[in-house]
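Student: Got a structure here, written out as structure tokens. Questions coming.
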């Protein structure tokens, strides 16, 4: 009698072809660790379907044999959400071969793509149609749109366009029993009951496997201006955001906060990057876009920054004079995470707060963490315009980063307790994954957790989809 593994292998081979079922340890290795190198797991196989029907066949095989499934896109996540656990009883379902642009509808301003299409390719497909897909983040060359939906990714343009869930009109999902829900509707108004797609966006593959999506497109900007402003403190940054909104309205696309240490790290590991306003404690990188012909946006930005300089909100500022200069300024921001990775492990927090309370939170957190962890260094950056901070803690000078990580639980408790006290969230755009399961239980209300478990039980009653992610329990 064949054992379960042999039966599973036969079913998987039949579903996707034997060359797309990886079992050799060397072939599987890239799929079993996360981008940061913090999480490592094992798997029975890595399976790479090439169509939605093949995904459904794989899911049916795993459902019949009670085999857990860990969906994976570009494997660029920050919380271990796409990494299997150490038991080795799951398969990793890589969706990178679902990489087709299915339809472009310029008149409806929509784009239908499969889950494995890299975000940069989605952006290019929109540009080729004379439009724009506004989701933008540092990993856009390697992350996939399925992963973006899975974590409800944020990025640099949330201030103007919203998170991923606000950029999606319809999705296609493979359910836990292998059925396919075709919800690929390009409708901006559809009041026929529950908005089911929102259950799966941000669910980190725990409720179903998103295989395709209909995305909203927008007019491409005809004018763009990028500037870097130096500020004395974060209160000034909040004041600058208010002034910019008053003067420029929704033409502000990005408003990124960076501490001096974050900028210094970015330049240390990428020495070709510019240093246009040296010697300041805080920086804001901002971008404004306009769709009007003969837009006055550059002049308006100059006048607004000049007024901020004269009032003392801003200490120094520079406006990019070319596309190349703008890209260099953005590279300062986008290379911070990679610079931190090269510098050594650190304690990361992806938090969100009401913009108005961020200065007070930072003061309280600095005082509490400095008392608990003398010499700790604060690498603070993020999307101030929408209240999302990447509040990262680096080891004191002379302390090995690996030894500093022993303080992770203590630091997390201090930061997350303060976040909760200020009405914030412990996860703004990276998800829960396996990193924050215990924190979710601590900071979510009993009612919220009960509702979440009820949804999970209804859509994945056997607990086979991405076990151990969001919830600590699983197959």
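Derivation of every value follows stated rules applied to the coordinates shown; laboratory data play no part. Note that this is a predicted model, so its numbers are computed, not measured. Note that each Cβ is placed from the backbone with ideal geometry, even for glycine, and that neighbours are counted across all protein chains shown.
Student: Can you tell me the Rg and the Dmax, both Å, for the Cα atoms in segment 278-353?
Tutor: According to the Cα coordinates of segment 278-353, Rg and Dmax are 16.0, 47 Å.
Student: Which semi-axes, in whole Å and largest first, does the equivalent ellipsoid of segment 51-99 have when worked out from the alpha carbon gyration tensor as the square roots of 5 times its eigenvalues? Mind dumping the intermediate values first?
Tutor: On the way: eigenvalues 70, 55, 6 Å².
They are 19, 17, 6 Å, listed largest first.
Student: Highest first, please rank the peptides 160-169, 142-151, 16-25, 308-317 by the mean number of other Cβ atoms sitting within 10 Å of their residues.
Tutor: On the way: 160-169: 19.7, 142-151: 27.6, 16-25: 14.9, 308-317: 17.0.
Descending packing order for the listed peptides: 142-151, 160-169, 308-317, 16-25.
Student: Right, next: Highest first, please rank the peptides 277-286, 369-378, 187-196, 407-416 by the mean number of other Cβ atoms sitting within 10 Å of their residues.
Tutor: Working: 277-286: 19.1, 369-378: 14.9, 187-196: 9.0, 407-416: 17.0.
With the highest mean Cβ count within 10 Å placed first, the list reads 277-286, 407-416, 369-378, 187-196.
Student: While we're on this one: Using the per-residue mean of other Cβ atoms lying within 10 Å as a proxy for protection, in what order, highest first, do the peptides 394-400, 246-252 fall? Intermediate values should be presented prior to the final figure.
Tutor: Values: 394-400: 13.4, 246-252: 15.6.
Per-residue mean Cβ counts within 10 Å order the peptides as 246-252, 394-400.
Student: Please report the equivalent ellipsoid semi-axes of the chain, computed as sqrt(5 x eigenvalue) of the Cα gyration tensor, largest first, in whole Å.
Tutor: Working: eigenvalues 297, 148, 79 Å².
Calculated on Cα positions only, the semi-axes equal 39, 27, 20 Å.
Student: Let me ask something else about it. Can you tell me the FRET efficiency between residue 445 and residue 53 if r is taken as the Cβ-Cβ distance and R0 is 45 Å, rounded to the nearest 0.05? Don't skip to the end; give the middle numbers.
Tutor: On the way: r = 40 Å, r/R0 = 0.90.
It comes out at approximately 0.65.
Student: Want the number for residue 417 to residue 185: 0.36 nm per residue separation, take away the alpha-carbon distance, what's left? Before the final figure, lay out each step's value.
Tutor: Working: separation 232, 0.36 × 232 = 83.52 nm, distance 4.10 nm.
Here the answer is 79.4 nm.
Student: Average the reciprocal distances over every distinct pair of alpha-carbons in segment 223-337, invert the result, and give the Kirkwood radius in Å.
Tutor: Values: mean 1/r = 0.0706 Å⁻¹.
About 14.2 Å for segment 223-337.
Student: Between 0 and 90 degrees, rounded to the nearest ten: what's the tilt of helix 446-459 against the longest Cα principal axis of the chain?
Tutor: It works out to around 40 degrees.
Student: May I ask you to compute the full-extension gain from residue 124 to residue 399, defined as 0.36 nm times their residue separation minus their alpha-carbon distance, rounded to one decimal in nm?
Tutor: Details: separation 275, 0.36 × 275 = 99.00 nm, distance 4.40 nm.
Full extension from residue 124 to residue 399 adds 94.6 nm.
Student: For a Förster distance of 30 Å, can you work out the FRET efficiency between the beta-carbons of residue 142 and residue 166, rounded to the nearest 0.05? Spell out each step's value before the answer.
Tutor: Working: r = 23 Å, r/R0 = 0.77.
Result of the calculation: an efficiency of 0.85.
Student: When you have a sec, figure out the Kirkwood radius of segment 344-441 from all distinct Cα pair distances and drop it here in Å to one decimal?
Tutor: Details: mean 1/r = 0.0735 Å⁻¹.
Across segment 344-441, the inverse of the average 1/r is 13.6 Å.
Student: What length, rounded to one decimal in nm, is gained on full extension from residue 233 through to residue 455, with 0.36 nm per residue of separation minus their alpha-carbon distance? Walk me through the intermediate numbers first.
Tutor: Values: separation 222, 0.36 × 222 = 79.92 nm, distance 4.34 nm.
Contour length minus the Cα-Cα distance gives 75.6 nm.
Student: If you wrap segment 101-219's Cα atoms in a convex hull and average its projection over all directions, what's the area in nm²? Show your work: numbers first, answer last.
Tutor: Details: hull surface 28.2 nm².
Average of the hull's projected areas for segment 101-219 equals 7.1 nm².
Student: Can you tell me the FRET efficiency between residue 87 and residue 372 if r is taken as the Cβ-Cβ distance and R0 is 30 Å, rounded to the nearest 0.05? Kindly include the intermediate steps, with their values, before the conclusion.
Tutor: Values: r = 35 Å, r/R0 = 1.16.
Working from the Cβ atoms, E equals 0.30.
Student: Ok, one more. Please check which bits of segment 123-151 a label hung off residue 270 would reach, taking the label as a point 7 Å along Cα-to-C-beta and the cut-off as backbone N under 13 Å.
Tutor: 137-141, by backbone N distance to the label point.
Student: Go ahead and collect, in residue order, the members of segment 383-407 whose backbone nitrogen is under 14 Å from a label point 7 Å along the Cα-Cβ direction of residue 438.
Tutor: In segment 383-407, the label zone of residue 438 (backbone N under 14 Å from the point 7 Å along Cα→Cβ) covers 406-407.
Student: Can you tell me the orientation of helix 4-16 relative to the chain, as the angle in degrees between its alpha-carbon axis and the longest Cα principal axis, to the nearest 10?
Tutor: Between the helix axis and the principal axis of the chain, the angle is about 70 degrees.
Student: Further question: Quick check for you: which residues of segment 410-454 have the amide N under 11 Å from the point 7 Å beyond the Cα of residue 364 toward its beta carbon?
Tutor: It comes to 415-424, nothing else.
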